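Visitor: The structure is given below, and queries will be raised subsequently.
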Amino acid sequence: MSSSADLEQLAEIELQKEEEEEGSCVTDGPSAPPVSTPSLDPSHPYYDVARHGIIQVSGDDHYGRKLIVFSSCCLPPSHQLNHRRLLEYLKFTLDQYVEMDYILVYFHYGLRSSNKPSLKWLREAYGEFDRKYKKNLKALYVVHPTNFIRIVWNLFKPLISHKFGRKLTYVNYLAELREHLNYGQLFIPPEVLRHDEELRATQKGGPPPSVKTPPPRPPLPTQQFGVSLQYIREKNREAVIPPVMTQTVTYLKEKGLRTEGLFRRSARVQLIKEVQKLYNLGKPVNFKQIGDVHVPAVILKTFIRELPEPLLTFRVYSQVQELLHVESSLRVTRCKQIVESLPEHNFIVAKYLLCFLHQVSQESIINKMSPSNLACVFGVNLVWPRHGSISLTALTPINIFAELLIEHFHTVFGSRCPPAQVMP
């Protein structure tokens, strides 16, 4: 059996070998920061680390679990980055989400001798991530793994519990992520995309499946998920509020308002798939029989997230991003203006949802879901850009916007009244 020192040496040799194989494709300079990390405020407490775009929060996976991405190709040379600060920044980011279920995606491509944190640092980092961080981590996807990764994993095996080890999944090609994640929301650095194309092009026996989206199938007449609000309305006797929303909200108002961590927990993946299938086939769903309030909570989040256009429309995204430049005392008024500019149907459905979320926040002493906590969960599901994914810096104004909509619901939605029958 190899000693720890032998494995460390082997890992270093393997990494150097991988660099040599990549040849002229690898440079020692820092990678360009991701294009979608706009206007990071220099007063950010971790500006020195955050500006590189190493860590991103990319919306949710298919089952409402927050996606956090770590991209090795964005690591600058070690002499340009304080790795202790990197660890603190990673914890700072995770601290916003560890109370809810979350997913980590690690893009390995781009890790080199020149920018690699030491293995001692990795051991210290693992030691600092106590149960708080590990408990709600539901999956760790390592994308484009190499022998270096497998050697490091063996090095850490004595420290890693069997339960934690089962959360690890190796992903050889980006196409495989589609099975697990909301691929469209995922932040993928251009370098990683290029590397994946090169890997697929060199595959013997033909390339693996393309990462491009397969052609869509025509939706069923009873389809509820992944179709527009207009489609649902036309196929459901002109119901203004989609049936999935009325049924989940009605049940959660009755059974879930005082549930601690409502919307922060995931449910069994297979059960969520079954409930979605029932809805899409036009069959009844009995949440009382299921008996788990987290199931309708996840279904509601999933329904909103899978709309082809966000509930608050694509047009609103740029206006929300500008919210940071609005004086704090004027932000509620600005939110009201943005919301009142929505198409009538979107406004009505948004008012229905936000009224309910406001009610949830009124029980925050018991359920721990304050407007801020609800905004962390729902913000990225209410508004996202037409192209690309949401960067960590773009997330801040989105969360502020969502928090103001929830906390100041009556002010923001008060003057433009939808029909009384659609209010929850």
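The values are calculated or read from the model by the stated rules, or taken from the named source; none is laboratory data. Keep in mind it's a predicted model, so treat the numbers as computed, not measured. Don't worry about glycine lacking a Cβ; one is built from the backbone with ideal geometry, like all the others, and counts go over all protein chains shown. Please note that ligands, DNA and RNA were not included when accessible areas were found on the heavy atoms of the full protein model with its side chains. Shrake-Rupley method; radii C 1.70, N 1.55, O 1.52, S 1.80 Å.
Visitor: Among the numbered criteria (1) open to solvent by 40 Å² or more (accessible area, probe 1.4 Å); (2) modelled with pLDDT of 80 or more, which single criterion is violated by residue 103?
Guide: Going through (1) open to solvent by 40 Å² or more (accessible area, probe 1.4 Å); (2) modelled with pLDDT of 80 or more one by one, residue 103 breaks only (1).
Visitor: So which residues in the stretch 57-94 are open to solvent by 30 Å² or more (accessible area, probe 1.4 Å), modelled with pLDDT of 85 or more and not in a helix (DSSP H, G or I), if there are any at all?
Guide: 70, 82
Visitor: Taking only the stretch 332-388 into account, find how many residues are touching a residue at least 40 places away in the same chain (Cβ under 8 Å), assigned to a loop (DSSP other than H, G, I, E, B), on the phi < 0 side of the Ramachandran plot and open to solvent by 10 Å² or more (accessible area, probe 1.4 Å).
Guide: 4
Visitor: Would you pick out the residues in the stretch 292-312 that are among the aliphatic types (A, V, I, L, M), out of contact with any Ser or Thr (no Cβ under 8 Å at 6 or more places or on another chain) and outside any helix (DSSP H, G or I)?
Guide: 311, 312
Visitor: Would a scan of the stretch 277-291 turn up a residue that is part of a helix (DSSP H, G or I), open to solvent by 30 Å² or more (accessible area, probe 1.4 Å), under 30 Å from residue 221 (Cβ atoms) and touching a residue at least 12 places away in the same chain (Cβ under 8 Å)?
Guide: For the stretch 277-291, residues part of a helix (DSSP H, G or I), open to solvent by 30 Å² or more (accessible area, probe 1.4 Å), under 30 Å from residue 221 (Cβ atoms) and touching a residue at least 12 places away in the same chain (Cβ under 8 Å): present.
Visitor: What number of residues in the stretch 263-276 are surrounded by 15 or more Cβ atoms within 10 Å (Cβ to Cβ) and touching a helix residue (DSSP H, G or I) at 6+ places or on another chain (Cβ under 9 Å)?
Guide: Result for the stretch 263-276: 9.
Visitor: Could you say whether any residue in the stretch 412-419 is open to solvent by less than 20 Å² (accessible area, probe 1.4 Å) and in a helix (DSSP H, G or I)?
Guide: Scanning the stretch 412-419, I find at least one residue that is open to solvent by less than 20 Å² (accessible area, probe 1.4 Å) and in a helix (DSSP H, G or I), so the answer is yes.
Visitor: Further question on the same structure: Test each condition in (1) in contact (Cβ under 8 Å) with a residue 40 or more places away in the chain; (2) open to solvent by 50 Å² or more (accessible area, probe 1.4 Å); (3) part of a helix (DSSP H, G or I) for residue 258 and report the one that comes out false.
Guide: (3)
Visitor: Let me ask you something else. Is it true that residue 44 is open to solvent by 20 Å² or more (accessible area, probe 1.4 Å), over 15 Å from the mean Cα position of the chain (by Cα) and at pLDDT 85 or above?
Guide: Considered against the rule, which asks whether it is open to solvent by 20 Å² or more (accessible area, probe 1.4 Å), over 15 Å from the mean Cα position of the chain (by Cα) and at pLDDT 85 or above, residue 44 comes out as no.
Visitor: Scan the stretch 2-18 and tell me whether some residue there is open to solvent by less than 20 Å² (accessible area, probe 1.4 Å) and at pLDDT 50 or above.
Guide: yes
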